[in-house]
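Written out below as structure tokens is the structure these notes cover.
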Amino acid sequence: MASRPTAAEIAAAKDRTIPDVVPPHGGVLLCGINPGLYSAATGWHFARPGNRFWPVLHRSGFTDRRLHPSEQDLLPSFGLGITNLAARATAQAAELTAGELAEGGALLEAFVERHAPRVVAVLGVTAYRTAFGRPKARIGPQEAGLGGARLWILPNPSGLNAHYTAETLAEEFAAVRTASAEVTT
């Protein structure tokens, strides 16, 4: 498939899934809400043009250069992995049910126990609140861990999240990077 999917390919991607990128033992697991249709059509996490994930990942110091979504398989070499709270692709995260997010939270905890990252960062505070039944959770480190890992909530890097600029997103991601270096295994 070409790097830019057609409108028909995007529409056909509804309910598809994208494989996880498993972090190395002791790495950082980044957890999105769910794949968008553009990402599902390409098979790459955070693939939609305008999503700030890849530029912010570099700007925060996690990677030595800006990776293209098609290079997601390089993430473990940077100590990173990616998964989602809900596996199925939707046009908007609002299409997910609270039950899907809660089920995803339980699956995420099992994934973390199995793969043992040092830090888990969930990208989206509202989805986190729903998935884990913690309505007062805020951006930043959480007192409670997850599956033996330190837990952090980051803002969602979607271009629709106007509350955060690329610069302020990078600052939040950099705080996770710094914290992950301080966590002992």
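Per the listing 69, 76, the residue uniquely within 15 Å of the chain's Cα centre (by Cα) and surrounded by fewer than 18 Cβ atoms within 10 Å (Cβ to Cβ) is 76. With respect to (1) among the polar types (S, T, N, Q); (2) touching a Leu at 6+ places or on another chain (Cβ under 9 Å); (3) farther than 23 Å from residue 55 by Cα, the lone exception for residue 97 is condition (2).
Return the residues of the stretch 90-108 that are among the β-branched types (Val, Ile, Thr) and in a loop (DSSP other than H, G, I, E, B); say none if nothing qualifies.
Narrowing the stretch 90-108 to residues among the β-branched types (Val, Ile, Thr): 90, 97.
97 - this is the single residue of the stretch 90-108 that is among the β-branched types (Val, Ile, Thr) and in a loop (DSSP other than H, G, I, E, B).
Does the stretch 151-161 contain at least one residue that is more than 15 Å from the chain's Cα centre (by Cα) and modelled with pLDDT under 95? Taking every residue of the stretch 151-161 in turn, at least one turns out to be more than 15 Å from the chain's Cα centre (by Cα) and modelled with pLDDT under 95. Among the conditions (1) free of Cβ contacts under 8 Å to residues at least 40 places away in the same chain; (2) within 25 Å of residue 148 (Cα to Cα), the only one that residue 64 does not satisfy is (2). Just wondering, is there one or more residues in the stretch 126-135 that are surrounded by fewer than 18 Cβ atoms within 10 Å (Cβ to Cβ), under 27 Å from residue 97 (Cβ atoms), of a type in the set (Ser, Thr, Tyr) and out of contact with any strand residue (DSSP E or B) (no Cβ under 7 Å at 6 or more places or on another chain)? Yes, that holds for at least one residue.
Can you say whether residue 30 is without any contact (Cβ under 8 Å) to a residue 60 or more places away in the chain and not aromatic (Phe, Trp, Tyr), as far as the supplied structure shows? For residue 30, the condition - without any contact (Cβ under 8 Å) to a residue 60 or more places away in the chain and not aromatic (Phe, Trp, Tyr) - is not met. State yes or no: is residue 137 in a helix (DSSP H, G or I) and more than 23 Å from residue 36 (Cα to Cα)? No, not satisfied.
Among residues of the stretch 76-96 that are of a type in the set (Phe, Trp, Tyr), those with a Cβ under 7 angstrom from a residue that is modelled with pLDDT of 95 or more, sequence gap 6+ or separate chain, pair up as 78/62; 78/63. Taking the numbered list (1) surrounded by fewer than 15 Cβ atoms within 10 Å (Cβ to Cβ); (2) in contact with a Leu (Cβ under 7 Å, 6 or more places away or on another chain); (3) closer than 19 Å to residue 124 by Cβ in turn, residue 82 passes all entries but (1). It is to be established whether one or more residues within the stretch 85-95 are β-branched (Val, Ile, Thr) and within 16 Å of the chain's Cα centre (by Cα). Within the stretch 85-95, one or more residues are β-branched (Val, Ile, Thr) and within 16 Å of the chain's Cα centre (by Cα).
Checking each residue in the stretch 84-126 for being modelled with pLDDT of 95 or more, within 18 Å of residue 46 (Cβ to Cβ) and touching a helix residue (DSSP H, G or I) at 6+ places or on another chain (Cβ under 6 Å) picks out 85, 86, 89, 104, 120, 121, 122. Taking each residue of the stretch 117-136 that is in contact (Cβ under 8 Å) with a residue 40 or more places away in the chain and looking for partners that are among the β-branched types (Val, Ile, Thr) and in a helix (DSSP H, G or I) with beta-carbon atoms closer than 6 Å, six or more apart or interchain, yields 120/112; 121/176.
The values are calculated or read from the model by the stated rules, or taken from the named source; none is laboratory data. Remember, predicted model here, so these are calculated numbers, not experimental data. Because the Cβ atoms are built from the backbone with ideal geometry, glycine has one as well, and the counts that use them run over all protein chains shown.
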